[in-house]
Amino acid sequence: MSDFKKGLEGLDQGPRPSESEAPGAPPQAGDLPPHPSVDALREEFGEAVLRHELVAGDEHIVYVPAERSLEILTWLRDAQRYDFLQDLTAVDYGGGRSLQVVYQLWGTATRLNLRVKVELPLDALEMDTVYFLWRAADWLEREVYDMFGVVFRGHPDLRRILMPYNYAEGHPLRKDFPLRGRFSRAEQTRRALSMKTEDHYSPQELEMAQALGQTMPDPFNSDQTEQNQFGGMGGAG
């Protein structure tokens with residue numbers, strides 16, 4: 001059997017349980033170039049700065065515990081003037097290792113950047129939202145929730161943003177997500193054919209359309225769209 005065919009075995013059965021937790025990356029050996037915010041973090045929070053790494057020559061990364069992430073990120077925004085959240089994403093390295101939530105911060109006044117990482121075990125993918133620190137986190141946290149399954153406590157509108165609201169196959173960027181999806185092709189086809197028009201819209205969209213007095217569009221007769229019908233097939237944003 002070829003390696004390709006072997007790699008496809010068991011895809012229709014869905015994700016298997018992850019292997020036992022693998023050790024995280026060790027602290028980088030040797031002295032690292034100084035970073036004013038990292039030094040200030042250590043002085044302010046001590047052992048809550050779990051690790052400090054340097055990548056790509058000048059990119060500083062600090063690891064902090066999930067239970068103190070909101071406190072530390074608030075301090076970085078207020079005391080260290082990281083007023084711009086450049087990105088918020090996640091990384092799953094597979095093999096049972098903890099999933100990493102990544103914050104890329106930039107200070108427009110100080111012209112400093114800093115990457116903050118929080119490691120979450122696969123059986124406890126939950127942490128506090130930073131929506132109220134940086135509004136840019138709104139859709140970014142929804143994307144991490146959608147693609148990786150991380151729940152951000154306190155987010156005012158935490159729902160899928162890329163996949164349909166009623167998507168039932170899991171979180172596509174997880175390493176335990178099968179290449180062809182969790183369901184068999186037959187089940188995927190059955191579900192697609194059994195969907196009604198309203199299944200393409202979230203409950204919030206349907207409620208809004210009802211409040212505006214708009215009728216349900218007919219996707220099979222798109223050339224007969226009425227004036228009071230609401231927008232095209234959506235359901236994600």
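Key figures for this structure:
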| read-out | value |
| --- | --- |
| Candidate set: the stretch 131-171, residues that are more than 13 Å from the chain's Cα centre (by Cα) and of a type in the set (A, V, I, L, M, F, W, C); chosen: the one modelled with the lowest pLDDT | A168 |
| Scope the stretch 64-103; condition among the small types (G, A, S) and more than 11 Å from the chain's Cα centre (by Cα); matching residues | A66, S69, A79, G94, G95, G96, S98 |
| Selection from the stretch 34-53 of residues that are touching a helix residue (DSSP H, G or I) at 6+ places or on another chain (Cβ under 7 Å) and either open to solvent by 40 Å² or more (accessible area, probe 1.4 Å) or assigned to a strand (DSSP E or B) (or both) | E44, H52 |
| Residue selected from the stretch 139-157 under the condition open to solvent by less than 50 Å² (accessible area, probe 1.4 Å) and in contact with a strand residue (DSSP E or B) (Cβ under 8 Å, 6 or more places away or on another chain), by the criterion nearest to Y93 (Cα to Cα) | F148 |
| Neighbours by Cβ (under 6 Å, 6+ apart or cross-chain): first from the stretch 181-197, more than 17 Å from M163 (Cα to Cα); second surrounded by 10 or more Cβ atoms within 10 Å (Cβ to Cβ) | S184/D12 |
| Count - residues of the stretch 54-94 that are open to solvent by less than 20 Å² (accessible area, probe 1.4 Å) and assigned to a strand (DSSP E or B) | 7 |
| Any hit, the stretch 104-124, residues being modelled with pLDDT of 95 or more, buried (at least 19 other Cβ atoms within 10 Å of the Cβ) and assigned to a loop (DSSP other than H, G, I, E, B) | no |
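The values are calculated or read from the model by the stated rules, or taken from the named source; none is laboratory data. Predicted model only: the values in this text are computed from it and were never measured. Cβ: placed from backbone, ideal geometry, glycine included. Neighbour counts: every protein chain shown. Areas reflect the complete protein model, heavy atoms only, side chains present, ligands, DNA and RNA absent. Shrake-Rupley method; radii C 1.70, N 1.55, O 1.52, S 1.80 Å.
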